[in-house]
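The values are calculated or read from the model by the stated rules, or taken from the named source; none is laboratory data. This one's a predicted model, so the numbers in the text were calculated from it and none came from an experiment. Here the Cβ positions follow ideal geometry from the backbone for every residue, glycine too, while neighbour counts run over all protein chains shown.
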Amino acid sequence: MRRGLAGRRGESSRQEWKDVLLRGRNPADLADYTKRFHDAEARVKSEAKALAATVDDPEAKRLLAEFGAAHDSLSGKYEAAYAAYLGGFDFAAADRLVRGQDRTPTDLFDKVVARLEAQVASRVAAQRADVVHRRNVAFAVTAGLLAVAGAVFFAVVRGVLSRLGRLKLISDRLAHADVSGLGIDISGEDEVGEFGESMKGVAAAIEELSTLATAKSA
């Protein structure tokens, strides 16, 4: 942006002005370079207005308004210098009338550019911070879900292992026909629960056989 309006105002207009002063003794060249100078001035003014219409920052708008006023004032000084030049084609005297006068509008425009660049940098930083925040939140949520899933998985595995351990104890006692006070409280809608239910049948059969054997011996 600095090489846009400010660059054209500081380079193109000055170059066209120098061409007017150095080559203006020839009427055709004078007309050509005068037109180029006025065209460059008009472009700067038009683009400054266009930029002012696109910015939302009140301070930037105020600075652009000051830039426009300073640019109009400078254009008037150039016109006066141009008239003086036509009076005697003394390019040195004409140039002295406007030398250094473009500093005020250039400084104003530089302030606009600096302000807009700072706003853009701030917005970019805010967007980056938002992206980082969203990423961190996503990581935290994912880690939380993994932790919950891991805890659930661990609890399920621990429960299954505990039930299998009880089944082994029951199976060992049934292998020795030891059903005295044996309680089979393993339930569930899975293979372990089904195996526990079958163990109840085995325990009942062993207990019945034990009862019959006791009765015969009596």
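Data table
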quantity: The range 148-166, subset touching a helix residue (DSSP H, G or I) at 6+ places or on another chain (Cβ under 7 Å) and not basic (Lys, Arg), residue surrounded by the fewest Cβ atoms within 10 Å (Cβ to Cβ); calculated: Leu164
quantity: Output for the range 1-37, where each listed residue is modelled with pLDDT of 70 or more and aliphatic (A, V, I, L, M); calculated: Val20, Leu21, Leu22, Ala28, Leu30, Ala31
quantity: Residue check for Ala42: part of a helix (DSSP H, G or I), surrounded by 18 or more Cβ atoms within 10 Å (Cβ to Cβ) and at pLDDT 85 or above; calculated: no
quantity: Residue check for Tyr78: free of Cβ contacts under 8 Å to residues at least 24 places away in the same chain, buried (at least 18 other Cβ atoms within 10 Å of the Cβ) and either in contact with a strand residue (DSSP E or B) (Cβ under 9 Å, 6 or more places away or on another chain) or not small (Gly, Ala, Ser) (or both); calculated: no
quantity: Exclusive hit being under 43 Å from the mean Cα position of the chain (by Cα) and exposed (fewer than 13 other Cβ atoms within 10 Å of the Cβ), set Pro105, Pro58; calculated: Pro58
quantity: Count of the range 133-181 residues which are within 30 Å of Ser210 (Cβ to Cβ) and either assigned to a helix (DSSP H, G or I) or out of contact with any Ser or Thr (no Cβ under 8 Å at 6 or more places or on another chain) (or both); calculated: 18
quantity: Some residue of the range 68-75 being under 30 Å from Asp185 (Cβ atoms), surrounded by 10 or more Cβ atoms within 10 Å (Cβ to Cβ) and hydrophobic (A, V, I, L, M, F, W, C); calculated: no
quantity: Val141 surrounded by 10 or more Cβ atoms within 10 Å (Cβ to Cβ), modelled with pLDDT of 90 or more, farther than 30 Å from Ala53 by Cβ and of a type outside the set (D, E, K, R); calculated: yes
quantity: Of all residues making up the range 91-132, the number that are touching a residue at least 60 places away in the same chain (Cβ under 8 Å) and outside any helix (DSSP H, G or I); calculated: 1
quantity: Yes/no for Leu74 being more than 12 Å from Pro105 (Cβ to Cβ) and either in contact with an Asp or Glu (Cβ under 9 Å, 6 or more places away or on another chain) or part of a helix (DSSP H, G or I) (or both); calculated: no
